[in-house]
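The values are calculated or read from the model by the stated rules, or taken from the named source; none is laboratory data. These figures come from a predicted structure and were not determined experimentally. No Cβ is skipped: glycine too gets one built from the backbone with ideal geometry, and neighbour counts run over all protein chains shown. For accessibility, only protein heavy atoms count, side chains too; no ligands or nucleic acids. Shrake-Rupley method; radii C 1.70, N 1.55, O 1.52, S 1.80 Å.
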Amino acid sequence: MKNLNSVKAWVTGFDKAAMEVEDLDVLYEFAKESLGGETDETVTTTETEELDKEYSKALADVEALEIKNMLGSEGDSLGAILTINSGAGGTEANDWSAMLMRMYLRWGERNGYKTTVTDQQDGDEVGIKSVTIEFEGDYAYGYLKAENGVHRLVRISPFNAQGKRQTTFSSVFVYPLVDDTIEINVDPSRLSWDTFRAGGHGGQNVNKVESGVRLRYLYQDPDTGKEEEILIENTETRDQPKNRAKALLLLKSRLYDLAMKKRQEERDKLEGQKKKIEWGSQIRSYVLHPYKMVADLRTGLKTADTQGVLDGDLNEFMKRYLMQEGAGGATGPIEDLE
């Protein structure tokens, strides 16, 4: 049924776009005939506005289908796990991470994804030190993978008494949320659990019992044999067994992501390609002073609508990134491709 729904979504999207284009053609011909003219100049202002409206709808549907066509890589169709970690900078960095958290939650809301905060570590004064957000829905990872990397904020800090401009950083890491169709092997001998009392306000049960879980997994690179510890915490519910189950799902998602990267590295070696932006590199700057500008360092896309971006309007950035990747993994800004 899942495979069937996936195919059906493509057919439905194509039919919708094709119908919009046909309706636009009919509307244009009708406008010309009703006025007895044959040229664009004969179309009245009202009809021009109606044509523009229909054109925008048709263009949006065609572009949505085109972007979806870029989401053909492994894991793109899955949900996503997004984590935000504050960089150096204390209170200012924690506040920036909270702003990013709000931005991604608003993006998920705008685009119809179910979002769940599975773990959150609050800052000492304001903001957050780290947060993990789960996005449930088709192609969440395909879109959000464009957000992998370091996000830089430049502004007059409200926490600086001298009113100086400050620069701070937070890192965003995205990996696919595995489902039942993907089989991931977890070695129980490399797994260990801790429980703890989850933080929070008031005297709820979440503070009185050890409902929070901390999972540690010793991952071994299959090629080099190098070991590293994967740490996952979950405080989503007051039910420890449920938190354990979700933490294990997050671990499987991380292991799946590592396996995907291994395969991508092998493909890149065979194709002789080297991507410009590696995981964890700085990808975007948000400047709020002395001027307002959000600039993507990979595609060259810029916008002065900083508030719109911070309110979750990220689709144009994602679109540019996906179109650039779909053009063959080019390493320059999008302008270089045109």
Within region 61-115, tally of residues that are over 30 Å from Val21 (Cα atoms), of a type in the set (Ser, Thr, Tyr) and touching a helix residue (DSSP H, G or I) at 6+ places or on another chain (Cβ under 9 Å)
3
Here the qualifying pairs (Cβ atoms under 8 Å; residues six or more apart or on different chains; first in region 180-204 and closer than 15 Å to Lys252 by Cα and part of a loop (DSSP other than H, G, I, E, B); second among the charged types (D, E, K, R) and at pLDDT 75 or above) come out as Ile182/Lys252; Ile184/Lys252; Val186/Lys252
Scan region 6-22 for residues that are open to solvent by 40 Å² or more (accessible area, probe 1.4 Å) and either in contact (Cβ under 8 Å) with a residue 60 or more places away in the chain or hydrophobic (A, V, I, L, M, F, W, C) (or both) and jot them down.
Ser6, Val7, Ala9, Trp10, Val11, Phe14, Met19, Val21
Restricting attention to region 271-284, does a residue exist that is touching a strand residue (DSSP E or B) at 6+ places or on another chain (Cβ under 8 Å), within 30 Å of Gly163 (Cα to Cα), open to solvent by less than 60 Å² (accessible area, probe 1.4 Å) and modelled with pLDDT of 85 or more?
yes
Could we say that Ala88 is farther than 20 Å from Tyr321 by Cα and small (Gly, Ala, Ser) here?
yes
Scanning region 260-270 residue by residue, the ones that are modelled with pLDDT of 70 or more and open to solvent by 40 Å² or more (accessible area, probe 1.4 Å) total 6
Please verify whether region 127-148 includes one or more residues that are out of contact with any helix residue (DSSP H, G or I) (no Cβ under 6 Å at 6 or more places or on another chain), among the basic types (Lys, Arg) and without any contact (Cβ under 8 Å) to a residue 40 or more places away in the chain.
no
Every residue from region 156-175 that is in a strand (DSSP E or B), touching a Ser or Thr at 6+ places or on another chain (Cβ under 6 Å) and not hydroxyl-bearing (Ser, Thr, Tyr)
Gln166, Phe173
Subset of region 95-127 [open to solvent by 20 Å² or more (accessible area, probe 1.4 Å) and in contact with a Lys or Arg (Cβ under 8 Å, 6 or more places away or on another chain)]:
Gln121, Asp122
Looking at region 314-338, which of its residues are surrounded by fewer than 17 Cβ atoms within 10 Å (Cβ to Cβ), among the charged types (D, E, K, R) and modelled with pLDDT of 80 or more?
Glu316
All positions within region 84-94 that are over 14 Å from Arg152 (Cβ atoms) and open to solvent by less than 30 Å² (accessible area, probe 1.4 Å):
Asn94
